[in-house]
Amino acid sequence: MLYSPHLITHRIMPENQEFPMLSLSSRITPEHLFYRRNHFLYPNVDMRFWRLSIEGCVNKPLYFRYDNLLNMPQVTLPVTLECVGDKRSFFEPKTRGEQWGLGAISHAVWTGVRLQDLLHAADVQGNAREVTFEGMDKGARTDMPGVFSYKRSLSLERALHPDTIVALYMNGKPLPFRHGYPARLIVPGWYGMASVKWLHRIVVIEEPFQGPFQVVDYVFNRKPLTPFAPEPITTIRLNSTIAGPTDQEVLARGENWIWGIAISGSAPVVQVEISIDNGNSWLVASWMEQQEAYSWRRWCWKWTVTEPGTYDIKVRAKDAAGNTQSEMADWNVNGYGYNAIQHIRVYID
Ligand code: MTE
């Protein structure tokens, strides 16, 4: 098929566009197709003045210039980023928030400095509990007065994890401006909200951080009318997606490939199954690549079909932690973490 892919636009200011899942052709998402999720307009970044500071509960407050970071030991990690609002448009009843389809998810190889190296250089004090990360973008919110930076925190333990990095490169090239140049946090295995772009200030604190992107957004508020007990969002839930064919596609009789991705932030995905009879029977798909700790994994399944008609195709995955996908997603008012079994309908001519 001749197909010239481009992003699927939800909003331009701020920019929110998704990866066209149908264009999945390699594990790594090329930069121009990588999804973009922003709360605010892009910030002004002037590299004459840019510094990454480490402040707060540290014995040696420090700042790093860009070249200081480039000259430090680097690590390279393939990591899939997925917005926790991915697939929100499939929730029934509908929820508030950007109505993402299948593609608020993409995969890249990130290179940068271990955050633990920066924190050790600043000599974190014994009373430290969390670490906050501030992006250079800021703006107003509709639910409270004031101007807010995009700011998030991690526990000190997660901040010191050897795979939490301050990325300077994406797919072997300096971080693109839209994805956080000059530096962004990458928290592998977690939903994308934790991976703060245009990072310029790191503050070590002793009290839990209460900023709106930490305690108002990106928490699971359970069903309305249940006691308010927000649960912070962290790890990517087990999920699988059919990239092709697409819903409502008309296919020819003969051999057709069904293909897509699967991911889980908590354990390796061990199996993907396909059903072509609306979930009555399931067949195991083949892997197209090796398991990697923090990467989506592509799968495919060859379907030989001789009978014309309507087919209801489903996909479900299992991970090594014993999770399996179910028919119903865990509904929540903000529409976070949708991971129900995907269902498409195709027609054989
Ligand atoms: N960092 C800043 N500074 N501002 C943002 O709006 N959005 C977060 C995260 N980091 C955001 C941010 C969210 S919700 C997601 S899903 C990812 O960035 C998206 O990263 P991408 O635009 O590079 O795909």
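In region 273-287, the qualifying residues are those that are in a strand (DSSP E or B) and within 15 Å of R345 (Cα to Cα), and the one that is most open to solvent (accessible area, probe 1.4 Å) is D277.
Restricting the search to strands (runs of 3 or more DSSP E) fully inside region 288-349 and requiring at least 1 residues that are exposed (fewer than 12 other Cβ atoms within 10 Å of the Cβ) and modelled with pLDDT of 95 or more gives 297-305, 309-319. Taken as a whole, the condition of being hydrophobic (A, V, I, L, M, F, W, C) and farther than 30 Å from M47 by Cα does not apply to W198. Of all residues in region 97-140 being within 15 Å of the ligand (Cβ to nearest atom) and over 22 Å from the mean Cα position of the chain (by Cα), which is most open to solvent (accessible area, probe 1.4 Å)? Among those that are within 15 Å of the ligand (Cβ to nearest atom) and over 22 Å from the mean Cα position of the chain (by Cα), it is A140. Return yes when N44 is open to solvent by 30 Å² or more (accessible area, probe 1.4 Å) and part of a helix (DSSP H, G or I) and no when it is not. So N44 does not fit the description; no. Can you find even one residue in region 99-115 that is in a loop (DSSP other than H, G, I, E, B) and more than 30 Å from T241 (Cα to Cα)? There is no residue in region 99-115 that is in a loop (DSSP other than H, G, I, E, B) and more than 30 Å from T241 (Cα to Cα). L62 meets each of the listed conditions (1) open to solvent by less than 40 Å² (accessible area, probe 1.4 Å); (2) touching a helix residue (DSSP H, G or I) at 6+ places or on another chain (Cβ under 8 Å) apart from (1).
Among residues of region 181-206 that are over 13 Å from S149 (Cβ atoms) and without any contact (Cβ under 8 Å) to a residue 40 or more places away in the chain, those with a beta-carbon under 9 Å from a residue that is open to solvent by 10 Å² or more (accessible area, probe 1.4 Å) and away from the ligand (no atom under 11 Å from the Cβ) at least six positions away or on a different chain give the pairs V187/R158; V187/H161; V187/D163; V187/T234. The set of residues in region 47-59 that are assigned to a loop (DSSP other than H, G, I, E, B) and either within 26 Å of the chain's Cα centre (by Cα) or surrounded by 12 or more Cβ atoms within 10 Å (Cβ to Cβ) (or both) comprises W50, R51, C57. I need the full set of residues from region 281-300 which are of a type in the set (S, T, Y) and under 18 Å from W190 (Cβ atoms), in order please. Matches in region 281-300: Y294, S295.
Considering region 229-272, the residues that are of a type in the set (S, T, N, Q) and not in a strand (DSSP E or B) include one that is least open to solvent (accessible area, probe 1.4 Å), namely S264.
Looking across region 150-186, the residues that are out of contact with any helix residue (DSSP H, G or I) (no Cβ under 9 Å at 6 or more places or on another chain), within 13 Å of the ligand (Cβ to nearest atom) and not hydrophobic (A, V, I, L, M, F, W, C) come down to G180, Y181, R184.
Among the residues of region 286-309, the one identified as closer than 18 Å to E249 by Cβ and free of Cβ contacts under 8 Å to residues at least 40 places away in the same chain is G309.
The values are calculated or read from the model by the stated rules, or taken from the named source; none is laboratory data. From a predicted model like this one, the values you see are computed outputs, not experimental measurements. Every residue, glycine among them, receives a Cβ derived from its backbone with ideal geometry; neighbour counts consider all protein chains shown. Just the protein is used for accessible areas: all its heavy atoms, side chains included, with ligands, DNA and RNA removed. Shrake-Rupley method; radii C 1.70, N 1.55, O 1.52, S 1.80 Å.
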